[in-house]
Every structure is written in C-alpha cells, then in structure tokens.
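The values are calculated or read from the model by the stated rules, or taken from the named source; none is laboratory data. All values derive from a computational prediction rather than experimental measurement. Don't worry about glycine lacking a Cβ; one is built from the backbone with ideal geometry, like all the others, and counts go over all protein chains shown.
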Amino acid sequence: MGDFFEGIEQVQLKVDGGKARFPIFYRDARGVVLLLSANLLKLRRMLPDPRFIPAQLAPGVGALALAAFEYHETDIGPYNEFQIGILLNAPYYAGVPCYNVMRQYLDRMYSIYVHRLPVTTEIALRAGIDFYNYPKFIGGIEFGDQASRVDCDLSRDGERILSISGAKVPTRAVGEMRFLTNLFHFRQPQAAEFKVNVQEGAICWMPRDVSWWFNTSNEIGAELSGAVLGSRAAMYLYMPKIQCVLYGPEHVPMPLLQRVVTSEGFLPGAAAHAAKKPAAKKKAARKPPGPKSAG
C-alpha cells in the first residue's frame, strides 16, 4: 500500500491555541471501540434533529459507540480523545433493521452521530468546536496497558465518568475504514469524514472479552447507563496501530466562512510558498530599445 496521505492537499489555519493544517493528519495513533446495544427511543431523545435516524441492530434496538483514541503524532500535536456516539442509518442503504448495519460493516463505512467528544488539549478543543462544532470538553482520558488487555478511563474535573476495557486480540492489516461523523452546527446537520487506515487491527462480533463501567452518579454516566441494553457488546474494534485523516467540514456556513476570513485564519503553507517560486525567477522586463546612435 502506498502513502496513506498521498494526494491530499492541506491548508494551514490559525486557531486558538496554535496553528493547524486541514485536513488534519494523524500519522501515528491507536484506538479501541465498543458498540453496545441500546434503547432506540432513548437514543432518539439524544439526537438534536429528526433527520438523524438511529440504526437498528434489531427492531427497537439501536447502537451506542464508545471509542477511545490515543493520538501520538498529529498536525495539532499529541492528544487523547473519547467519542460517545450513536450509530445512524447510512443514507446509502435501505433503513431496514439489521440490514443497514450489516451494509455499513461490509462496506467499512459507518455513519455516526457524535454525542460527546472530550479531548485532552486546548488546541484540539478549539479546532474541533470552532470549525466543526464537535461537542467537545476538556477531560481526563487515561489509557492503561496490561499484558493481555487495554483499558481507558474517562473523567471530567477529577470525577470518573466511565471506563472501557478489551482484550489485545490477534491483529492483521485491515485496510481503510471510514467513519462519517454527523454533527449539528448553526442548527443544521453538519458532517465530516474521518478516514482510518487500520495497519494493525481486529473486528470481533459479540465479544466475550470486553467490559465497561458507568458512574451512575455522574450526568453523562447515568444517561449512558440508562440507554444501554444487556451486558455484552455487539462489536469490538481493537486497533493498536492506525493512521487517520479528518476531512471537512462538508458544509461551510456563512458564519464559519466569515470567522476564518476576518480572523486572518489562513496562513502561508507549503503550497503558498511553492506558488511564489516562479515569481522569484522572473526576469526584469526589458526596456524598449532606444534610437540608435549615428556613430
């Protein structure tokens, strides 16, 4: 496989907390994802617009996604992230219970509504909120490694919200997967593609070797605990080595465009410098020849 990032042109923007290149490249990272069965009606109440339709694992049963990422090398520096999302019906397939989910799995293209997205750095917070309206907050996201398991704890202001844990199962090169993240910006649907190159990974259906815990005294933990059904995950993605690209946002509303332009958000990047090179080599214009002397 060639360079995962080949052919993708970036622009550099000024954001609160530093500078960023868009699309954002994640050159070295890992991730753990649990897909849990959940009450369909409760998931619908979490969604901000009726155009977002939860996918169904079975009639009346939706899916809640818990995804922990540890980004070692990115265009906005290293940081951790924890996504709490709702699996949606992908608009490309019939909205039939189970069928829509299976088509997403077979095509490795998942449609997710991002309900909450805590991160660990200020630049990741601002870049995500200002340009995409990701529902971010600064949280504690701690990974723990044992010989045969990986764990992740999510907290906020010192209060633990939840934990997930999974086995370090055998992996292989899975290839590219796409997560179409759905958001709500300026009171209208927004979207951004998160493309992942799974260099080492595994996908397990109905795994026995994963677990999770919610703090029901916490608002977020109680909400999730009240929605999840059963005590066994529907799917487990173990991805110890990945590369990613965050595209978008797909729609650029006028307020967002104004914010970028008026804040002098665009900064000179590699492409801008390359464009200036021919000008440096340009010869001075010749003066028209004057009258020849008689001598």
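Residues of region 156-187 that are among the β-branched types (Val, Ile, Thr) and surrounded by 18 or more Cβ atoms within 10 Å (Cβ to Cβ): 161, 164, 174, 181.
Residue 20 meets all of the listed conditions (1) over 12 Å from the mean Cα position of the chain (by Cα); (2) at pLDDT 95 or above; (3) within 19 Å of residue 193 (Cα to Cα) but one, namely (2).
Just so you know, in region 59-103 the residues that are aromatic (Phe, Trp, Tyr) and either part of a strand (DSSP E or B) or within 14 Å of the chain's Cα centre (by Cα) (or both) include one that is surrounded by the fewest Cβ atoms within 10 Å (Cβ to Cβ), and it is 79. Of 131, 137, 143, all but one fail to be surrounded by fewer than 16 Cβ atoms within 10 Å (Cβ to Cβ), farther than 30 Å from residue 98 by Cβ, touching a residue at least 60 places away in the same chain (Cβ under 8 Å) and not aliphatic (A, V, I, L, M); the exception is 143.
Restricting attention to region 6-23, the residues that are closer than 23 Å to residue 175 by Cα, touching a residue at least 12 places away in the same chain (Cβ under 8 Å) and loosely packed, with under 15 Cβ neighbours inside 10 Å total 2. Does residue 106 satisfy the condition of being part of a strand (DSSP E or B), over 16 Å from the mean Cα position of the chain (by Cα) and not acidic (Asp, Glu)? In short, no.
For region 104-120, the criterion of being surrounded by fewer than 19 Cβ atoms within 10 Å (Cβ to Cβ) and in contact with a helix residue (DSSP H, G or I) (Cβ under 7 Å, 6 or more places away or on another chain) is satisfied by no residue at all. Checking residue 190 against (1) touching a residue at least 60 places away in the same chain (Cβ under 8 Å); (2) surrounded by fewer than 19 Cβ atoms within 10 Å (Cβ to Cβ); (3) not β-branched (Val, Ile, Thr), which single condition isn't satisfied? Against the list (1) touching a residue at least 60 places away in the same chain (Cβ under 8 Å); (2) surrounded by fewer than 19 Cβ atoms within 10 Å (Cβ to Cβ); (3) not β-branched (Val, Ile, Thr), residue 190 comes up short only on (2). Screening residue 52 with (1) buried (at least 20 other Cβ atoms within 10 Å of the Cβ); (2) of a type in the set (A, V, I, L, M, F, W, C); (3) touching a residue at least 40 places away in the same chain (Cβ under 8 Å) gives one miss only, at (1). Filtering region 9-48 to residues that are more than 22 Å from residue 200 (Cβ to Cβ) and among the β-branched types (Val, Ile, Thr) leaves 11, 15.
When residues in region 146-186 are screened for being on the phi > 0 side of the Ramachandran plot and free of Cβ contacts under 8 Å to residues at least 12 places away in the same chain, 1 of them pass.
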